[in-house]
Amino acid sequence: MYRNSFIWRQRLGYGIADLGCNLVWQMLTIYQMYFYTDIMKLPAVSIGLIFLVTRLIDGAGDLLMGFIIDNTKSRWGKSRPYFLWGALPFALFSAAAFYVPQLSVQWKISYAFVTYLGLSLTYTVVNMPLTSILPNLTADLNERTNLATSRILFSFIGATVVGTATLPLVNYLGGTDLQTGYFLTMLGYGAVAAIFLCITFSMVKETVRSNKVSFSVRISFRSLLSNRPWQLFALNIIFMWGAYFLQQGGLLYYYTYCAKANTEMIATITTLSAILPALGTFSTPFLARFMSKKNMFLLSSVVHLLGIFMLIFSAEQFNLLIAGTIISALGFGLRHTAYFSMQADPVDYGESKTGINVGGLIAAINQFIGKIAMAVSGVVAVYILSKGGYHGGQPQTESSLKAIKMIYLYLPVILVCISMAIMCFYQLEPLSPKDENPANA
């Protein structure tokens, strides 16, 4: 009875942290670029530089954070302490990143850079441990899939809240003052995220401990040279997440200017995009009994592509837009969960081959690559908007509408196809019962 209670307590605790993180993360991916162009009124070139420079600095922080986690020794474990230590700074920078100071344009650019960088770094502190802690929560591979499913399910709940409540909250809290509305909304999201991170700290426990000594950065990196499954997994991140960030960043622009949707319709689309992936997440443990995680990833990518093609050929008709959103969201949910459930497997594979557990370093590099994909997609999106002649808050020209469609529809299709091609070569050798427990490796 106690064992069963602990398992469900840990699933809940592990998942709720990503609910809080996604309240902030979804604001970054969906609203941040729009906030900078249409609310803060920053120049497009400056926004692109902010995204690029921040992600490069943050990427170095990812690698450092991974090494810190691998060498952390505390009574709470390696990863768990950072949920507690990073909660408050994360909340403060979340609110600050959506505040518009009454300054000149140049000082606004500086303020945006500092707060966006601070939010990115504190996000790393609280979110990377969610990945690195997974191999230490349980040695059971099926339970890891259940934990990953819990994490993604709760992340979709957070995304649903953002998709459903953000625009109504902005209008309610700010009225005609959108600057105040966005700030107060993000202040609330940040506070809730901090509370959930503290709850996670109290509910999870690192029960699988590696008996290996700490290794230098050089030795840790060398151990990755023989880890081919991780190498392919890491390469896939660029294209999988690049497609995701382009679609998320282009969503508001597409439905505002191409589909000419009102606030209620946009809220409907963002809500569906957040809720429906959870259905794909629910099906993951069931499908895992009949197919490999790799095949789940490929199948879900095909479903996601079908949804995007429906959007492309919808001619902005509302019913077809809804149908395309439903299909693409279901495919994305299943693919997202398959991706996260796969992350811990190359860690065990590498340890079984080299005797070196570099879960923190792998989590750091994976997150670093994801953030580089986010930076590049942001720069590409801003560049395409600029070349298309986009001007926020104004009627758009034919060229600017084509630019928005390129960001939201066409480029993501290309990137998803490349992602699938890479994962066709992914092969994880089965681990022996002895290797399934890192402590016994």
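If you go through the stretch 112-152 and keep only what is hydroxyl-bearing (Ser, Thr, Tyr) and part of a loop (DSSP other than H, G, I, E, B), you end up with just Thr138. Restricting Thr270, Thr284 to residues that are β-branched (Val, Ile, Thr) and either at pLDDT below 80 or under 21 Å from Ile422 (Cβ atoms) (or both) narrows the list to Thr284.
In the stretch 411-423, the residues that are touching a residue at least 60 places away in the same chain (Cβ under 8 Å) and within 23 Å of Val382 (Cβ to Cβ) form Cβ pairs under 7 Å with partners that are polar (S, T, N, Q) and crowded, with 16+ Cβ neighbours inside 10 Å, at six or more places apart or across chains, as follows: Pro412/Gln247; Val416/Ser301; Ser419/Asn236; Ser419/Ser301.
Pick from Val204, Val161: which is farther than 24 Å from Gly333 by Cα and buried (at least 17 other Cβ atoms within 10 Å of the Cβ)?
Result of the check over Val204, Val161: Val204.
The condition of being modelled with pLDDT under 95, assigned to a helix (DSSP H, G or I) and either under 30 Å from Leu23 (Cα atoms) or in contact with a His (Cβ under 7 Å, 6 or more places away or on another chain) (or both) holds for only one of Tyr172, Tyr182, Tyr189, that being Tyr172. Per the listing Ser120, Ser110, the residue uniquely surrounded by fewer than 16 Cβ atoms within 10 Å (Cβ to Cβ) and hydroxyl-bearing (Ser, Thr, Tyr) is Ser110. Anything in the stretch 304-344 that is surrounded by fewer than 19 Cβ atoms within 10 Å (Cβ to Cβ) and part of a helix (DSSP H, G or I)? List them, or say none. Hits for the stretch 304-344 are Leu306, Phe309, Met310, Ile312, Phe318, Asn319, Leu320, Ile322, Ala323, Ile326. Working carefully through the options Ala243, Ala274, find the one that is touching a residue at least 60 places away in the same chain (Cβ under 8 Å), hydrophobic (A, V, I, L, M, F, W, C), in a helix (DSSP H, G or I) and closer than 20 Å to Gly378 by Cα. Only one candidate qualifies: Ala243.
The values are calculated or read from the model by the stated rules, or taken from the named source; none is laboratory data. Bear in mind that the values here come from a model prediction, so they are computed numbers and not experimental data. Glycine also receives a Cβ, built like all others from the backbone with ideal geometry; neighbour counts cover every protein chain displayed.
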